[in-house]
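J.: To start, I am sharing the structure in question, which I have written as structure tokens.
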């Protein structure tokens with residue numbers, strides 16, 4: 001990359017609609033930060049959540065996922081029960097270029113509270129809202145704030161396009177909207 005990473009992110013977001021909506025600076029005052037950072041982009045969690053529950057005594061099976069194991073919730077914040085898990089989605093919609101791979105990591109503010117965010121890499125030419133996996137590893141309820149930063153996306157740019165992109169493979173999570181549960 002011959003330009004500074006934050007300038008590259010701004011250019012790609014504005015000229016190629018890589019991130020929408022796009023915040024061209026880091027917003028910090030009174031919120032968990034989001035927007036452009038030095039080498040990445042801090043994404044926000046939307047106000048839609050799917051919280052795991054054992055009320056129906058289902059089994060979590062990625063090959064045969066039972067939607068009854070989730071409870072839908074919408075709000076300005078979400079309480080994740082102790083030692084539990086929730087799914088959410090990003091506010092931002094991403095369009096990843098063919099020569100880019102991303103890695104997404106949880107923000108330290110949440111990590112220091114025992115909240116772990118897991119997101120798989122955004123492969124070249126993947127697009128969609130990001131389904132965010134949020135684990136509460138503590139024995140206490142954990143609060144997540146909607147429309148604030150949850151994790152940071154780091155962009156890895158190659159000098160060459162990949163041979164086969166996620167779009168070429170017709171990936172099962174391509175152009176996902178909302179919170180998407182496991183698909184086989």
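J.: Could you run through region 148-184 and say how many residues are touching a strand residue (DSSP E or B) at 6+ places or on another chain (Cβ under 6 Å) and either part of a strand (DSSP E or B) or free of Cβ contacts under 8 Å to residues at least 12 places away in the same chain (or both)?
T.: Here the count works out to 10.
J.: Looking only at region 90-122, which residues are in contact (Cβ under 8 Å) with a residue 60 or more places away in the chain, farther than 19 Å from residue 157 by Cα and either in contact with a helix residue (DSSP H, G or I) (Cβ under 9 Å, 6 or more places away or on another chain) or assigned to a helix (DSSP H, G or I) (or both)?
T.: Across region 90-122, the qualifying residues are 109, 110.
J.: Let me ask something additional. Being loosely packed, with under 13 Cβ neighbours inside 10 Å and touching a strand residue (DSSP E or B) at 6+ places or on another chain (Cβ under 8 Å) is the filter; apply it to region 4-23 and report the residue that is farthest from residue 43 (Cα to Cα).
T.: Top of the filtered list is 16.
J.: Also, quick follow-up: Under the condition of being touching a strand residue (DSSP E or B) at 6+ places or on another chain (Cβ under 9 Å) and at pLDDT below 95, which residue from region 29-39 is surrounded by the most Cβ atoms within 10 Å (Cβ to Cβ)?
T.: Per the stated criteria, the residue is 37.
J.: Which ones in region 123-147 are under 29 Å from residue 75 (Cβ atoms) and part of a loop (DSSP other than H, G, I, E, B)?
T.: Within region 123-147, 126, 137, 138, 139, 140, 141, 146, 147 meet the criteria.
J.: Also: Just to verify a result, which residue in region 1-32, among those that are assigned to a loop (DSSP other than H, G, I, E, B) and in contact with a helix residue (DSSP H, G or I) (Cβ under 8 Å, 6 or more places away or on another chain), is nearest to residue 175 (Cα to Cα)?
T.: Step by step, filter region 1-32, then rank; the result is 18.
J.: Also: For region 99-110, check the following and say yes or no: at least one residue is buried (at least 18 other Cβ atoms within 10 Å of the Cβ), touching a strand residue (DSSP E or B) at 6+ places or on another chain (Cβ under 6 Å) and over 21 Å from residue 6 (Cα atoms).
T.: No.
J.: Tell me, which residue of region 57-80 that is touching a strand residue (DSSP E or B) at 6+ places or on another chain (Cβ under 7 Å) and assigned to a loop (DSSP other than H, G, I, E, B) is surrounded by the fewest Cβ atoms within 10 Å (Cβ to Cβ)?
T.: The residue in question is 76.
J.: Right, another one. Among the residues of region 121-172, what is the count of those that are closer than 23 Å to residue 107 by Cβ, over 12 Å from the mean Cα position of the chain (by Cα) and surrounded by fewer than 17 Cβ atoms within 10 Å (Cβ to Cβ)?
T.: The number of residues fulfilling the criteria is 9.
The values are calculated or read from the model by the stated rules, or taken from the named source; none is laboratory data. Note that the structure is predicted; figures quoted are calculated from it, not measured. Positions of Cβ are backbone-derived with ideal geometry, glycine not excepted, and every protein chain shown enters the neighbour counts.
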